[in-house]
Ligand code: 13P
Ligand code: SF4
């Protein structure tokens, strides 16, 4: 039986507030285990966007990072969307300021603009199509073969999509600080210790690490693969929050995270980990901090997200 480690009185207060507020708690796999254990839905970016689009809850509590909560608000202008810590940003979104992106786009006026969902509403508003790590390859394959494509902001995901789809992409030079910390040396040491282990990786990792991977996919795809693979041991090249679900959902198998250089624990996303149970309780109590968006910007950012949802199989 699974037993949560969160303090029982705080969990009870969160439960009561969730009912009272008619709230749904959406959580990404990189959240602290105690937050994952309380969530109504745990998922990758695509699944959480779909659930945000379909919810009839009055309040959406988004336990993830700002671009995720912002996407939920773009899809639900009439609902209150709160994020436990408003400072929970994303290095990829930060790596692509809207004004710089507008100049980059202007240099490539004939390109279809595909942006990874890890970007601000202001960048989404300048995009033709949004993608996530779970649908990026499929969506790019659906684009007209005679049109050039600009892909932002993650160059590592972009290179992987390029390889998988065979399409040439003009890449914005952004990257995720977490997925860039994994040490190849540490991975090789782990492979030596566990020669039968499968290496499974998120496509935000750098190409030289992806070259070691037996399977590459979004967080949900990694979880599904861990369940269906015949391997008993996995070396996991993504944020270690996902190991909580792997250990819960896939019994009898062993999962190891891969540290950064010098064994540092910088493989934990410093933004995702800003959310705590205490802040979750506070935001249900006060309905703040809430995500607010200018209506014109929201409508411009909505169009490429709706296109993504319509094109995703
Ligand atoms: P997923 O959509 O695969 O969950 O990725 C989100 C993310 O931020 C990875 O760093
Ligand atoms: Fe952004 Fe990287 Fe954190 Fe994902 S892991 S939210 S891409 S900083």
Discussion item. Pull out all pairs, ordered by first then second residue, where Cβ-Cβ is under 6 Å, the residues are six or more apart or on different chains, the first lies in the range 58-83 and is closer than 17 Å to residue 303 by Cβ and modelled with pLDDT of 95 or more, and the second is assigned to a strand (DSSP E or B) and more than 16 Å from ligand 2 (Cβ to nearest atom).
Written reply: 72/60; 72/81; 73/81
Practice prompt. Mind listing whichever residues of the range 257-276 are more than 20 Å from the chain's Cα centre (by Cα) and crowded, with 16+ Cβ neighbours inside 10 Å?
Written response: none
Fill in: Residue list for the range 23-57, restricted to those being touching a strand residue (DSSP E or B) at 6+ places or on another chain (Cβ under 7 Å), away from ligand 2 (no atom under 16 Å from the Cβ) and free of Cβ contacts under 8 Å to residues at least 60 places away in the same chain
24, 39, 40, 41, 51, 52, 55, 57
Worksheet item: In the list 57, 53, 27, which residue meets the criterion of being within 28 Å of residue 129 (Cβ to Cβ), within 16 Å of ligand 1 (Cβ to nearest atom) and over 16 Å from the mean Cα position of the chain (by Cα)?
Response: 53
Worksheet entry | Matching entry among 95, 88, 106, 102 (being modelled with pLDDT of 95 or more and touching a helix residue (DSSP H, G or I) at 6+ places or on another chain (Cβ under 7 Å)) | 88
Worksheet, complete the sentence: Among the residues of the range 172-204, the number that are outside any loop (DSSP other than H, G, I, E, B) and either within 16 Å of ligand 2 (Cβ to nearest atom) or within 19 Å of the chain's Cα centre (by Cα) (or both) is 4
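Could we say that residue 223 is farther than 24 Å from residue 185 by Cα and in contact with a helix residue (DSSP H, G or I) (Cβ under 9 Å, 6 or more places away or on another chain) here?
yes
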Worksheet item: Quick check, is residue 20 over 22 Å from residue 136 (Cβ atoms), at pLDDT 95 or above and within 16 Å of ligand 2 (Cβ to nearest atom)?
Response: no
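The values are calculated or read from the model by the stated rules, or taken from the named source; none is laboratory data. Please read all numbers here as calculations on a predicted model, not as lab measurements. As a convention, Cβ positions derive from the backbone with ideal geometry for all residues, glycine included, and neighbour counts pool all protein chains shown.
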